[in-house]
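Bear in mind these aren't lab numbers, they're just calculated from the coordinates by the rules spelled out. Owing to the predicted nature of the structure, the values given are computational and were not obtained by experimental measurement. Cβ coordinates were reconstructed from backbone atoms using ideal geometry, including for glycine residues, and neighbour counts include every protein chain displayed.
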Amino acid sequence: MRVTLSALSQALAPHHLIALGHAQHADGTLVLIGPDEPTFWDHFTQSAEYTDGQAHALDRWSTRVLPPIAQDLEGEVYFPFGGPPYHPFQSWALETGRFFTSPIGFLVHETRGLFASFRGAVLLPETVSASPGQNPCSPCAAPCKTACPVGAFADGYNVAACKAHINSPAGRDCITDGCRARRACPVYQGNRPPAQAQFHMEAFR
């Protein structure tokens, strides 16, 4: 069977996952996998991992879903969790030419904005060429830079200020609706359901 990006996309679709970008590596082509929002959240919340009440539901779901897909395509799968050591997902993302460094230092995807996230990566055995994307921040006025109510991105990323805010009453909407700086990004704005944003923010706090 000839392994192609199209075959991978077809295998990911029933799980509401998408290929966010790919880059050539020594042993083939590495493809970064992320949620296809906004439909992903409704799909995931019906899974056994989400409903069993145990910890790390999303990671456990990922380790169940992705390995069989990679195996069927004669590939290997890697995850952004489970370390240390951790795989260099941020570097891999930049290599795809579809992710860029945003004005607040977070990765921004050309079509998914600041809410793009990874569930894993699949290394396909064949070499697939990739063309560079367009940095969405180039023509943007960078509302992400000033959206944080405590200026956590004024000089780098002040994690302590961010966590103090979201754990205070004043920061409640950052928990329930997601980081204000991420929400300010006009790319793919409004496509991450608030419940999904809250799930990730609860894990961060």
(request) Give me a count of the residues in segment 114-139 that are out of contact with any helix residue (DSSP H, G or I) (no Cβ under 8 Å at 6 or more places or on another chain), under 21 Å from Gly178 (Cα atoms) and among the hydrophobic types (A, V, I, L, M, F, W, C). (result) 2
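Every residue, every condition in (1) assigned to a loop (DSSP other than H, G, I, E, B); (2) in contact with a helix residue (DSSP H, G or I) (Cβ under 8 Å, 6 or more places away or on another chain); (3) surrounded by fewer than 19 Cβ atoms within 10 Å (Cβ to Cβ), yes or no:
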position: Ala55; (1), (2), (3): yes, no, yes
position: Arg60; (1), (2), (3): no, yes, yes
position: Arg64; (1), (2), (3): no, yes, yes
position: Gln71; (1), (2), (3): no, no, yes
position: Glu74; (1), (2), (3): yes, no, yes
position: Gly83; (1), (2), (3): yes, no, yes
position: Ala93; (1), (2), (3): no, no, no
position: Phe100; (1), (2), (3): no, yes, yes
position: Pro103; (1), (2), (3): yes, yes, yes
(request) Please state which one of Thr96, Thr127 is within 19 Å of Leu32 (Cα to Cα), out of contact with any Ser or Thr (no Cβ under 8 Å at 6 or more places or on another chain) and among the β-branched types (Val, Ile, Thr). (result) Thr96
(request) Report yes if Leu17 is in contact (Cβ under 8 Å) with a residue 60 or more places away in the chain, surrounded by 14 or more Cβ atoms within 10 Å (Cβ to Cβ) and either within 23 Å of Gln198 (Cα to Cα) or among the aromatic types (Phe, Trp, Tyr) (or both), otherwise no. (result) yes
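Only residues that are under 18 Å from Ala130 (Cβ atoms) and more than 14 Å from the chain's Cα centre (by Cα): list them for segment 79-95, please. Give the derivation first.
Taking segment 79-95 as the starting set, the residues that turn out to be under 18 Å from Ala130 (Cβ atoms) are 88-95.
Selection gives Glu95 alone.
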